[in-house]
Amino acid sequence: MSHEININEQILIYELKKGSLKAFNEIYRMYSKRLYNYSVQFTKSSVEAEEIVQDVFVKIWQSREKILQKETLRSLLFIMAKHLLINAYRSTANHLVYEEYVDYLDVVSTENAHVRMEYDEFESKVYKVIKELPHTQQEVIALSRFQNLTNKEIAQKLSLSEQTVKNQLSLGLKTLKDKVKYLWIIMIAFIFNYFSFLFFILGTLAQKHCL
Amino acid sequence: MNDLDYKFRKNTLSPKELIEFRKKLSEMDDENLEVLLRESWNDEEHDTTLVSAEQLNRIKGSVDANIGIESKHISFYKLAMRAAAAILLPLFVFSTIYLYQQNSEIRSEDLIVSTQQHERATITLPDGTKVTLNTQSSLSYNPKTYNQKNREIYFDGEGYFQVYKNLNRSFIINAKGLRIKVLGTVFNLSVRQIDNSAELSLEQGSVSMRSIQTGKEFVLKPNQKAIMNQQTGNIKVVSDESIVDASAWKRGDMVFRNTRFLSMIKTIEENYNITIIVNCENCERDSFTGTIPTNDLNEVLEILERSYRFKANIEGRQVTFSFN
C-alpha cells in the first residue's frame, strides 16, 4: 500500500464518520487483508488472527464518530490492534506448540518447504498427541506451558510433590517431543516413498524411451 | 532483535535462535515492542496470499453481526419476512373484510319480530307489506335478501297480511308444512306450531298455497278459506261469506259462530290471561254466536252476564260465573 495521500480514502473517512455503512465496507475491503496477514505473523493461528481483525473493525465502527485521522486510517488500525498484537506476540513466542513448530520447521523446511504443515494444522496435531498422554502428564503440561504456572504452584494445585511434578512434566514433554517427531518421520517417509515411486516410474519410462 | 523478530514472523527461527529470541523478548517491555511492531506495520509489505476472500467475508460477517448490521444471511431472513408480510398482509386484509361481511351477514341474517301472550304487533316490511301479528306469533326475514329476487319470510302463529302488490317479486311465506305464494293480497293466516290445523282466509287477491307434505298446490279466490290438516298435510278449501271474521282479532274483536260455550270461554281465558270458573251443568252443550271485544274485559263480562244471566265475580285473575 502506498503512502500517497489518497483523496478517495479521505472521502471514505468523512462518510464513515457520518455513519455510512458503504464507506465502512469499503474501508474493510481496503485494510482487512493487510491487517489479517500482519496479525497472523504473531498469532500463527488463523482463528486468532481472524479475531483480531474482527475486533479492530468492530472498534472502528463503534468509535467512528471520534476518528481524528483525516487522510488515512493506517495508523488508527495499528493503534486499535497493538494491544492484541503484543499479547499474541508474547503468548505465541513462549508457547510450547510454537517451540515444537520451530523444531519441526527446522527439520522439514530446508528441503520440503512446499509440503510443510501450516501452524494451525501442526497445532491441532500437537494437541492430539497431548491428549494421548497419561492424565497427570496432560494436566502438568497444560498448567505449566499454557497457563504458565511454576512447578511449585502446580504441585500445590494438584496435591503432588514438586519432584513428582518435575518428573511428570519432563516425562510428558519427552513423550510429546518423541511423538511429534514420529509424526514428521511418518510424513517425511511418506514423502520419500512418494518421490522414489515417482522416480521409479520416470526411470522406467525413460528406459523404455531409450530402448 | 529486529532480525529475530523478522525471523519469528516469517517462521524461520532455528531452535537455537528461538531460545535467544525468547530471552530478548522477555527483557523487552511493551513500549519497545510496540515501536518494533509499528515499524513493521508501517514499512513492510505483507504477504497477502495467506488469506482468502472467503475468509475475509466470513470475518466481515461476524463484524457486521457484532455491530448490529444484518449480514447477507440475516438480510435473507429479513427478505423472507418481508416477502411473508407482503403475502400475508393482503391476506389479512381480505380475510378481515370477508369475516366482517360474513359477520354482518350473520348479524343481519334473520330479523325476527315476535309477540308474547296478549301482545299484538303490526310491522311494515321493507317492500311496504303490512303484517299484523296476533298473540304468540313470530315472523322472520332476511333484510339482505328480502325484496331482492322475491320476498320470503318465515312465519309461525296467526297474522293478518296486507301484501303490497308487486307482480315481479312473489311474496313467499314458509310456515309449518306450508309454502304460500302471493303477489298482492289481503288475508288472515293462522299456522301455529302447536295447532293441528292451519287456516288461510283470503279477503282480496289470490294466493297459491302448497302443502309441503303432499306437494299439492291450491289457488284460493277471495272469500275462500283453506284449512290444512297438519298431520296429513291435506288441504281443504271452503267458501266462507264471513271471511272477515278470521281477522276479527285484528280489529279488536273475537267472532264466534256457533262456537261451543266452553271453547268460547277458553278463547276468552287465553285472550285476557284469566281463569274462568263456570258453575253450570248444561251450558256446556250451548253454542255461542256473537262478537266479543279483545280489549275490554268488563264489556265481555257484561255481554256474557246478559246472555246467560249469571253473575261474574272477579278475584284477581280469576273470574267465577255463578247462576242466580
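Six or more apart or on different chains, Cβ under 6 Å: which pairs go from a residue in segment B:11-40 that's part of a loop (DSSP other than H, G, I, E, B) to one that's open to solvent by 40 Å² or more (accessible area, probe 1.4 Å)? Could you list them? Within 6 Å, the pairs are B:L13/B:K7; B:S14/A:D106. Does segment A:41-53 contain any residue that is within 9 Å of another protein chain (Cβ to nearest Cβ), under 26 Å from A:E15 (Cα atoms) and of a type in the set (V, I, T)? Looking through segment A:41-53, at least one residue is within 9 Å of another protein chain (Cβ to nearest Cβ), under 26 Å from A:E15 (Cα atoms) and of a type in the set (V, I, T). Could you check, for segment B:189-198, whether at least one of its residues is surrounded by 17 or more Cβ atoms within 10 Å (Cβ to Cβ) and under 15 Å from B:G128 (Cβ atoms)? Checking segment B:189-198: not a single residue is surrounded by 17 or more Cβ atoms within 10 Å (Cβ to Cβ) and under 15 Å from B:G128 (Cβ atoms). Report yes if some residue within segment A:41-54 is at pLDDT 85 or above and more than 16 Å from the chain's Cα centre (by Cα); otherwise report no. Within segment A:41-54, one or more residues are at pLDDT 85 or above and more than 16 Å from the chain's Cα centre (by Cα).
Only one of the numbered conditions (1) farther than 30 Å from B:N66 by Cα; (2) away from chain B (no Cβ under 13 Å); (3) hydroxyl-bearing (S, T, Y) is not met by A:S124, and that is (1).
Being within 30 Å of B:Q204 (Cα to Cα), in contact (Cβ under 8 Å) with a residue 24 or more places away in the chain and of a type outside the set (S, T, N, Q) is the requirement here; does B:K221 meet it? Spelling it out, it is not the case that B:K221 is within 30 Å of B:Q204 (Cα to Cα), in contact (Cβ under 8 Å) with a residue 24 or more places away in the chain and of a type outside the set (S, T, N, Q). Considering segment A:55-65, and only residues there that are open to solvent by 40 Å² or more (accessible area, probe 1.4 Å) and either under 24 Å from B:S52 (Cα atoms) or within 11 Å of chain B (Cβ to nearest Cβ) (or both), the residue that is farthest from the chain's Cα centre (by Cα) turns out to be A:R64.
Can you say whether A:S20 is open to solvent by less than 60 Å² (accessible area, probe 1.4 Å) and touching a residue at least 12 places away in the same chain (Cβ under 8 Å), as far as the supplied structure shows? No: the conditions fail for A:S20.
Against the criterion of being in a helix (DSSP H, G or I) and of a type in the set (V, I, T), B:V237 does not qualify.
Taken as a whole, segment A:26-37 holds at least one residue that is out of contact with any Leu (no Cβ under 6 Å at 6 or more places or on another chain), surrounded by fewer than 18 Cβ atoms within 10 Å (Cβ to Cβ) and facing another protein chain (nearest Cβ under 10 Å).
What tally of residues in segment B:153-168 results from selecting those that are under 15 Å from B:I180 (Cβ atoms) and either open to solvent by 60 Å² or more (accessible area, probe 1.4 Å) or touching a His at 6+ places or on another chain (Cβ under 8 Å) (or both)?
Of the residues in segment B:153-168, 2 are under 15 Å from B:I180 (Cβ atoms) and either open to solvent by 60 Å² or more (accessible area, probe 1.4 Å) or touching a His at 6+ places or on another chain (Cβ under 8 Å) (or both).
When segment B:288-319 is filtered for residues that are assigned to a strand (DSSP E or B) and more than 49 Å from the chain's Cα centre (by Cα), the ones remaining, listed by number, are B:F310, B:K311, B:A312, B:N313.
In the set A:L68, A:L84, A:L12, only one residue is in a loop (DSSP other than H, G, I, E, B) and more than 10 Å from chain B (Cβ to nearest Cβ); that residue is A:L68.
State whether one or more residues within segment B:197-210 are at pLDDT 85 or above and in a loop (DSSP other than H, G, I, E, B). Within segment B:197-210, one or more residues are at pLDDT 85 or above and in a loop (DSSP other than H, G, I, E, B). Evaluation of B:N258 against the conditions (1) outside any helix (DSSP H, G or I); (2) farther than 26 Å from B:I243 by Cα shows that the sole unmet condition is (2).
Scan segment B:43-53 for residues that are outside any loop (DSSP other than H, G, I, E, B) and closer than 24 Å to A:S46 by Cβ and jot them down. Across segment B:43-53, the qualifying residue is only B:A53. Only one of the listed residues (B:S247, B:S263) is part of a helix (DSSP H, G or I), of a type in the set (S, T, Y) and open to solvent by less than 30 Å² (accessible area, probe 1.4 Å). That residue is B:S247.
Of all residues in segment A:60-73, those that are closer than 21 Å to B:I67 by Cα have Cβ atoms under 7 Å from Cβ atoms of residues that are loosely packed, with under 13 Cβ neighbours inside 10 Å, 6 or more apart or on another chain, in A:R64/A:G19. May I ask you to list the residues in segment B:282-324 that are closer than 22 Å to B:S242 by Cβ and exposed (fewer than 11 other Cβ atoms within 10 Å of the Cβ)? Matches in segment B:282-324: B:T289 only. The residue that is surrounded by the most Cβ atoms within 10 Å (Cβ to Cβ), counting only those in segment B:132-152 that are over 30 Å from B:M254 (Cα atoms) and in contact (Cβ under 8 Å) with a residue 24 or more places away in the chain, is B:R151.
A:K166 meets the stated requirement of being at pLDDT 85 or above and open to solvent by 60 Å² or more (accessible area, probe 1.4 Å). The lone criterion from (1) modelled with pLDDT of 80 or more; (2) within 42 Å of the chain's Cα centre (by Cα) left unmet by B:R251 is number (1). Here segment A:87-105 is the region considered, the condition is being hydroxyl-bearing (S, T, Y) and more than 7 Å from chain B (Cβ to nearest Cβ), and the residue that is most open to solvent (accessible area, probe 1.4 Å) is A:S91.
Selection within segment B:24-40: residues that are open to solvent by 40 Å² or more (accessible area, probe 1.4 Å) and within 9 Å of chain A (Cβ to nearest Cβ). The member of this set that is nearest to A:I86 (Cα to Cα) is B:D30.
The values are calculated or read from the model by the stated rules, or taken from the named source; none is laboratory data. Everything quoted here is computed from the prediction, not taken from an experiment. When we count neighbours, we look across all protein chains shown, and the Cβ atoms used for this are built from the backbone with ideal geometry, even at glycine. Each accessible area value is taken on the protein alone, full model and side chains, heavy atoms only, with ligands, DNA and RNA left out. Shrake-Rupley method; radii C 1.70, N 1.55, O 1.52, S 1.80 Å.
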